[in-house]
Structure formats: structure tokens, C-alpha cells
Amino acid sequence: MNIDQEVKDTLPQSKILIVEDQPMNVVLLQSILSSYYQVSAVESGEDAINECRTNMPDLILLDIQLTGISGVEVCQHLKSDPRTKDIPIIFITSLQEHEDFFWEAGGVDFIPKPISYKTVFNRVKSHLTLKLQRDKIKALAFLDSLTGIYNRRYFDTHLAQTELISQRNDDDYALLLIDIDFFKQFNDTYGHINGDIALVKVAETIVRTLNRPSDFVARFGGEEFAVVLPSTNLNGGKLIAEKIIENILALNLTHGSSPFKRLTISIGLTTYRNLDNNNKIIQQADENLYSAKRSGRNQVTH
Ligand code: GH3
Ligand code: MG
Ligand code: MG
Ligand code: MG
Ligand code: MG
């Protein structure tokens, strides 16, 4: 297999962002990379940061000297944000620049100017391969194998990050703990395999009901799910919780030994600004879930 084909097979659809203010260099980099990858280019550091928010690249080629904020500052900014910190950044440098700066800022490599075809091609290929391998390991470590959504381990990290971002932005966020009602009886009546199928359907339904890209769902435990909604207050959280309950009912999964005669869920809802008695947010959501169960199930309590 030739190297072109190998790159096309192993790194398909990878997104590369070029941040460079000299049009000649942009044209050159695009001509090297765009037959293998999805390449986009911006001229300034500010545009680079915005582009990362809306269209997360797999790798960034970052010129050091830009008008406005410098490449090093862009790198520091992206490395300090949990959403963008894992994107590999390769600096594009001219020889006068001191290399300590870009290693300290968190760059993984550099490409010297004048730009050489082989250096660009091979450094990009190496770092994309590493990124892809890291993504696969993360998927194994952080995804639940039955439902394909995130697992408890990833949830814990994500919740801590959401809390930090909320504090920094003086913002609220909501947590929903979702528990399937009478699920032990469901398994006892219809068997464990049908129980597993129901769990997958519930997970799919929750995912489908969430509408912002920043909304997050994980399998929290056996038949429990957790949803994290950034920048959401109690009212917003309630709307989503009610919508999820409605969509689970609409699945119409027969459950003969439930008083509702079909599969239902209960939800404990709280937001960061609505914690009682120094409770941690999970503890509060869990207490609220317990109230939803005691009040008859198939409902949300906050
Ligand atoms: P409640 O309405 O109070 O929540 O009652 P429940 O029966 O749902 O609660 P309980 O905690 O007693 O039972 C949870 C059940 O979920 C027990 C277990 O068999 C089932 N369960 C947990 N994980 C899985 C799984 O991965 N697959 C299947 N099929 N069932 C599971
Ligand atoms: Mg420049
Ligand atoms: Mg449970
Ligand atoms: Mg249950
Ligand atoms: Mg309360």
C-alpha cells in the first residue's frame, strides 16, 4: 500500500485548522494537506479560538507571529480550556523565534519556515495518528459497552469540569438523575436480554431528547442515567426532564407488572444554585430522585 492510500485509509475525515496570516503559506499548506484531510484556514488567533468552539479540529497548524494575539497566546488559551486542551497544536515558526516559548505553551511539535512538503506531511500524519489512537483508548475507557453512551468514570470528570466552568462564568447548571421504575420486575418478567434492549432504548431516547451540543448524558449505574445541562436553571431542567419522561412513555414498552403498564422513569432534578444543606449536586439529585419514587414514580422532583 502506498503512503497516500495509507493516510486516506487510517485518518479519513480528520479536520485540520490552519492559523496563518500569510496567504502564500496558507495556499502551500492547503496544497499539501487538502487531498487527505478536511482543511480550513483562518488568519487570526481570535478567529482560531472561535473556530475551535464551533468546529472542533483534530489538529491545528499555528503560526507564531500573527496580527492581534500571538500564536503562543492562542495555544495557551486552547490548552487552558478543557474542551480544547487535547487538540494537538503544531507551531509554524521562522528560525528567529525562541523554541522554549512554544514547548512551554503546550505545542506538540513545530514546522520551520520555509515550509517543506515532507516535513508538513509527515509531522501531521504522526500527530494525527497519535490523536486517533488516544481517541480510541478514551472510547474504550470512557464509553459504556451496552448503550454506547459515556460511562460513570467519564461522567465524574465531566461533572467536575462543568462545575468549574459554571463557577468561572458565574453560571448555573442542571443535573438530572434518571432511574427506570420497577426494572427488577421488568427483568423478572421479560428476561435479562429484553432488559438490556430496554436500557439501550432508554439511552437512545434520552440522547434524542437533548438538544444542545453541550448537553451530556452518561450511564450512571445499572438502570440509572445522569444528564448534565450547562447554563440551565431549574425551569429549563424541568422542561427537559418532562420531555424525557414523555418520550419514554411514548416508547410504549409493555411492562405488565407496573401500575403504568408500560416502562416509565423517575427523575431527580437539581441545579448548582439549588443545593440544600451543603449537599453535593449528586447527593441532592439522588435525594430528589428518592422523593420522585416515593411520590409515585413516572415523574420529576426537584
Ligand atoms: P424502582 O422503581 O424503585 O427503581 O425499582 P427497581 O426495580 O427499578 O429498582 P432496583 O434497584 O430494585 O432494581 C434495579 C434493577 O435493574 C435490578 C437489576 O436486575 C436491573 N439491572 C441493572 N443493570 C442492568 C443491566 O445491565 N441489564 C439488565 N437487564 N438489568 C439491569
Ligand atoms: Mg505570521
Ligand atoms: Mg436504581
Ligand atoms: Mg429502578
Ligand atoms: Mg429541593
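The values are calculated or read from the model by the stated rules, or taken from the named source; none is laboratory data. What you are looking at is a predicted structure, and each value in this text was computed from that prediction instead of being measured. Using ideal geometry, Cβ is built from the backbone for each residue, glycine included, and neighbour counts are taken over all protein chains shown. What goes into the accessible areas is simple: the full protein's heavy atoms, side chains included, and nothing from ligands, DNA or RNA. Shrake-Rupley method; radii C 1.70, N 1.55, O 1.52, S 1.80 Å.
Of all residues being away from ligand 5 (no atom under 14 Å from the Cβ) and either in contact (Cβ under 8 Å) with a residue 40 or more places away in the chain or among the β-branched types (Val, Ile, Thr) (or both) in segment 283-298, which is surrounded by the most Cβ atoms within 10 Å (Cβ to Cβ)? Just the residue, please.
Here the answer is ASN298.
Given (1) within 11 Å of ligand 5 (Cβ to nearest atom); (2) open to solvent by 40 Å² or more (accessible area, probe 1.4 Å); (3) within 26 Å of the chain's Cα centre (by Cα), identify the lone condition not met by LEU269.
Result: LEU269 fails condition (2) only.
Out of the residues in segment 154-205 meeting the condition of being on the phi > 0 side of the Ramachandran plot and open to solvent by 30 Å² or more (accessible area, probe 1.4 Å), tell me which one is farthest from ligand 1 (Cβ to nearest atom).
Among them, the one singled out is ASP170.
Look at segment 13-29 and say how many of its residues are assigned to a helix (DSSP H, G or I) and either surrounded by fewer than 16 Cβ atoms within 10 Å (Cβ to Cβ) or within 16 Å of ligand 3 (Cβ to nearest atom) (or both).
3
Against the conditions (1) within 15 Å of ligand 3 (Cβ to nearest atom); (2) open to solvent by 40 Å² or more (accessible area, probe 1.4 Å), where does ALA226 fall short? Just the number, please.
Only one criterion in (1) within 15 Å of ligand 3 (Cβ to nearest atom); (2) open to solvent by 40 Å² or more (accessible area, probe 1.4 Å) is unmet by ALA226, namely (2).
Given LYS125, LYS131, which one is open to solvent by 30 Å² or more (accessible area, probe 1.4 Å) and outside any loop (DSSP other than H, G, I, E, B)?
After ruling out the rest, the residue left standing is LYS125.
Go through segment 33-70 residue by residue and tally those that are surrounded by fewer than 18 Cβ atoms within 10 Å (Cβ to Cβ), within 25 Å of the chain's Cα centre (by Cα) and in contact (Cβ under 8 Å) with a residue 40 or more places away in the chain.
Qualifying residue count for the region: 2.
If you go through segment 86-93 one residue at a time, do you hit one that is part of a loop (DSSP other than H, G, I, E, B) and more than 19 Å from VAL42 (Cα to Cα)?
Yes.
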